[in-house]
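Before any comments, here is the structure.
The values are calculated or read from the model by the stated rules, or taken from the named source; none is laboratory data. Quantities reported herein were computed from a predicted structural model and do not represent experimental measurements. FYI the Cβ positions are ideal-geometry reconstructions off the backbone, even for glycines, and counts take in every protein chain you see. Heavy atoms of the whole protein, side chains included, go into the accessibility calculation; ligands, DNA and RNA do not. Shrake-Rupley method; radii C 1.70, N 1.55, O 1.52, S 1.80 Å.
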Amino acid sequence: MTDKNTSVHFHVETDDDNIVWLHFDKANSGTNVLGADVFEQLDEHLQNIATQCPRGLVILSDKSNGFIAGADISSFTSVKSEQQALDFVKMGQAVFNRLAAFPFPTVALIHGFCLGGGTELSLACRYRVTRDDPGTRLGLPEVRLGIHPGWGGSARLVPLIGGLKAMDLILSGRTIDGRQAKRMGMVDRVVPERHMRTAARQLILDAPAPFRAGLIDRLSNNVIVRPLLARVFRTQVAKKAAIQHYPAPYAMIDIWRKHANNQHDMLEAEAQSLAKLINGATAQNLVRVFFLQEELKSLGKDKHYKPKYVHVIGAGTMGGDIAAWCALRGFRVTLQDQAPERIAPAMKRAHRLYKRKLKKPIKIREAMDRLIPDHKGLGVERADIVIEAIFEDAEVKRSLYKEIEPRMKQDAMLATNTSSIPLEELSSALSQPGRLVGLHFFNPVAMMQLVEVVVGKSTSEESVAHAMTFTRQIDRLPLPVSSTPGFLVNRILMPYLMEAVVLESEGIPATIIDKAAVDFGMPMGPVELADTVGLDICLHVAEILAEHFNATIPERLRKLVDAGKLGKKSGQGFYPYKKGKAVKPKASASPGDIEAVTNRLMLRMLNEAMSCLREQVVSSDSLLDAGMIFGTGFAPFRGGPMHYIDATGADKLKQILIGLEQQQGNRFTPDPAWDTTSGGDKA
Ligand code: NAI
């Protein structure tokens, strides 16, 4: 190698074959992302390289975690106008257009993350080489942030692999590995790490004709086919996201339908539409959700805590699934219950989970080997973490703790999955009460990202830090909450569910109640949610909360439970169930009626959120929002309950609450915290 220049984010090497190697290594950042300063430097380098007339150019990353993770998302939050957003988009387009126009061969050498803007940069190269491993991921996940590609991602991918495959990738936002990308034609070579440079060099020296999509793929961009396909895409997208909440995928479909055969027009349309979207509420709120997730992730970063061995007691609904999940994430896990036959169903469920997640028989066997049935509880002595998930009975839990504590390692952590018992009531049975912490998982464990880390009065700081780090190690999001009844998520969710039951008892069809919530942006209506959780479990949690907060439980709920109508699991709850699906009778209501239902549901939830914040169940607005988004799926495009209150105006919402209090009684009495909230948008 000869001639070495350096700059802040890039450095350039030119080898003996006159091939330029442009290394991207963003300064002061663990990950390569694309912001204005990066584009400026990249453009300067590209201009210099063009004057060198090299044999070819290879763009590669010096970061071990990947090529380029996408746009610098923090730059979205500083966008103040559509024009500013448009300037930023056009800046990126100009740089990538320069790259795409080079007369000599260009290669993107890809390992690890290659997402969003990273994939767009690679598409502006003539060839793409990826490392052959599952950790190399390509994709255009912009729709997940409420936007769509704008730096030529769609304008270049659509002609390369055809509209059908390109739009599927863009509209789903899913990522693919190198082999999948190669099958689609998005990537030219997939090679082991040690052959990557050789593969890139060879492509430049040989300069083969670039990939050309097959006839059928090209046909999907045909002017006659596009309107028909666009209709199919819209129908598919509508099943997952309403246009008024998530406009980006719909905008993308329109751009493709109108401009798929004209790259210049498509780039222009991408830029105009993206600028509008970046500046809109949905994208700004989804970016907020991205940062909330980062905030939760950052809570569990104790590098020195390295547990290896987990022991779970109670192999029921929760314990069985928690144990299976921990083994999936690489821990050795022993699973204890009162008898072997109680553990067997959990082992079967674990096998199903591994088949779904791991696919390869060898990986499934390895995960099954890590999960060890242990009805005698021998694992207690070796465990770094003991997770208790037995019956919800304080006395039974206490006597278990008395029995196991003397056998536990001196520094082992004890975690309980209790959903309602204050930790202080349980830790009194321990000689080291500081080691007890709550790890409150949600059902189904494999799907719910959030884990409430319950901090009791006696829980030691070390146990809290360890619990949060462990939660990250099993790829879940930790939310520290105080040990108060219902913690955060169930406490806020329950008044909303109970209001749904009251509405239903008043004769409002369940279908309408659910529609109101889904229209607001909830992933599932409250009636169907109650049926899915199980009406007996809802009643149990409601009873605990009612006792502490002096609330009334609707008679209708008790009656259904007494009649054995427990929801989905018993085949009948508020809805009847056929093959596990709710049979929802058709019903209609005027927009005014729907709004009245939405107000009653959402204001009970928001009022409880205010009360939780006042009592410091969590320490900040943003943690509350994160808890509700990742624990219940609260409309992400609204940025969380507290953000919704800020954006709508606390005063306005309080007035609606006062009206409801007069109409419906004191369950709508505004919490005192409404008076101390500004009502302005803090975003
Ligand atoms: P479950 O009834 O399905 O399972 C409990 C298991 O614990 C049973 O298999 C039982 O045999 C076993 N067990 C009881 N005493 C034992 C002992 N002394 N030693 C060993 N095993 C013992 O209960 P589920 O639903 O899994 O709940 C467990 C805990 O998780 C409870 O504290 C509950 O409040 C909490 N939780 C439940 C959620 C749910 O949706 N079911 C959600 C979050 C927390």
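With respect to GLU595, determine if the residue is out of contact with any Leu (no Cβ under 8 Å at 6 or more places or on another chain), part of a helix (DSSP H, G or I), within 17 Å of GLN664 (Cβ to Cβ) and open to solvent by 80 Å² or more (accessible area, probe 1.4 Å). In short, yes.
Residues are listed down the side, and each one gets a yes or a no for (1) of a type in the set (Val, Ile, Thr); (2) more than 30 Å from ARG144 (Cβ to Cβ):
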position	(1), (2)
CYS612	no, no
GLU615	no, yes
SER622	no, no
THR632	yes, no
HIS643	no, no
GLU661	no, yes
GLY665	no, yes
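Sort out which residues of the range 504-563 are open to solvent by 60 Å² or more (accessible area, probe 1.4 Å), closer than 20 Å to ASN607 by Cβ, more than 16 Å from the ligand (Cβ to nearest atom) and in a helix (DSSP H, G or I), and write them in order of number. Hit for the range 504-563 is PHE549, nothing else.
Residues checked against (1) away from the ligand (no atom under 14 Å from the Cβ); (2) on the phi > 0 side of the Ramachandran plot; (3) of a type in the set (Lys, Arg); (4) in a helix (DSSP H, G or I):
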| position | (1), (2), (3), (4) |
| --- | --- |
| ARG349 | no, no, yes, yes |
| TYR354 | yes, no, no, yes |
| VAL380 | no, no, no, yes |
| GLN410 | yes, no, no, no |
| ALA429 | no, no, no, no |
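Within the range 382-391, restricting attention to residues that are open to solvent by less than 60 Å² (accessible area, probe 1.4 Å) and in a loop (DSSP other than H, G, I, E, B), the residue that is nearest to ALA323 (Cα to Cα) is ALA389.
Within the range 364-378, which residues are open to solvent by less than 100 Å² (accessible area, probe 1.4 Å) and either without any contact (Cβ under 8 Å) to a residue 12 or more places away in the chain or part of a helix (DSSP H, G or I) (or both)?
So in the range 364-378, the residues open to solvent by less than 100 Å² (accessible area, probe 1.4 Å) come out as 364, 366-375, 377.
Those that are open to solvent by less than 100 Å² (accessible area, probe 1.4 Å) and either without any contact (Cβ under 8 Å) to a residue 12 or more places away in the chain or part of a helix (DSSP H, G or I) (or both): ILE364, GLU366, ALA367, MET368, ASP369, ARG370.
For the range 412-426, the candidate set comprises residues that are over 17 Å from LEU299 (Cβ atoms) and open to solvent by less than 10 Å² (accessible area, probe 1.4 Å); within that set, the residue that is farthest from the ligand (Cβ to nearest atom) is ALA412.
Applying the condition of being outside any helix (DSSP H, G or I) and in contact (Cβ under 8 Å) with a residue 24 or more places away in the chain to the range 392-408 and asking which residue is nearest to the ligand (Cβ to nearest atom) yields GLU392.
Of all residues in the range 559-585, those that are closer than 13 Å to ILE537 by Cα have Cβ atoms under 6 Å from Cβ atoms of residues that are among the aromatic types (Phe, Trp, Tyr), 6 or more apart or on another chain, in LYS568/TYR577.
Suppose we keep only residues that are part of a helix (DSSP H, G or I) and away from the ligand (no atom under 16 Å from the Cβ) within the range 308-333. Which one would you say is most open to solvent (accessible area, probe 1.4 Å)? Even if it seems obvious, please write down each step before you answer.
Filtering the range 308-333 for residues part of a helix (DSSP H, G or I) gives 317-328.
Cutting the leftovers down to away from the ligand (no atom under 16 Å from the Cβ) gives us 327-328.
Working: ALA327: 0, LEU328: 25 Å².
It comes out as LEU328.
Checked across the range 198-218, the condition of being modelled with pLDDT of 95 or more, surrounded by 21 or more Cβ atoms within 10 Å (Cβ to Cβ), among the acidic types (Asp, Glu) and more than 21 Å from HIS148 (Cβ to Cβ) holds for no residue.
Inside the range 80-187, counting only helices (runs of 4 or more DSSP H) that do not spill past its ends, which hold 3 or more residues that are open to solvent by 10 Å² or more (accessible area, probe 1.4 Å)? Outline the logic, then answer.
Values: elements: 82-100, 117-123, 153-161, 163-172, 178-184.
Once the helices (runs of 4 or more DSSP H) in the range 80-187 are filtered for at least 3 residues that are open to solvent by 10 Å² or more (accessible area, probe 1.4 Å), what remains is 82-100, 153-161, 163-172, 178-184.
It is to be established whether one or more residues within the range 443-455 are away from the ligand (no atom under 16 Å from the Cβ) and more than 18 Å from GLY330 (Cβ to Cβ). Spell out how you get there, then give the answer.
At the first step, the residues of the range 443-455 found to be away from the ligand (no atom under 16 Å from the Cβ) are 455.
The next check asks that each one be more than 18 Å from GLY330 (Cβ to Cβ); those that pass are 455.
Taking every residue of the range 443-455 in turn, at least one turns out to be away from the ligand (no atom under 16 Å from the Cβ) and more than 18 Å from GLY330 (Cβ to Cβ).
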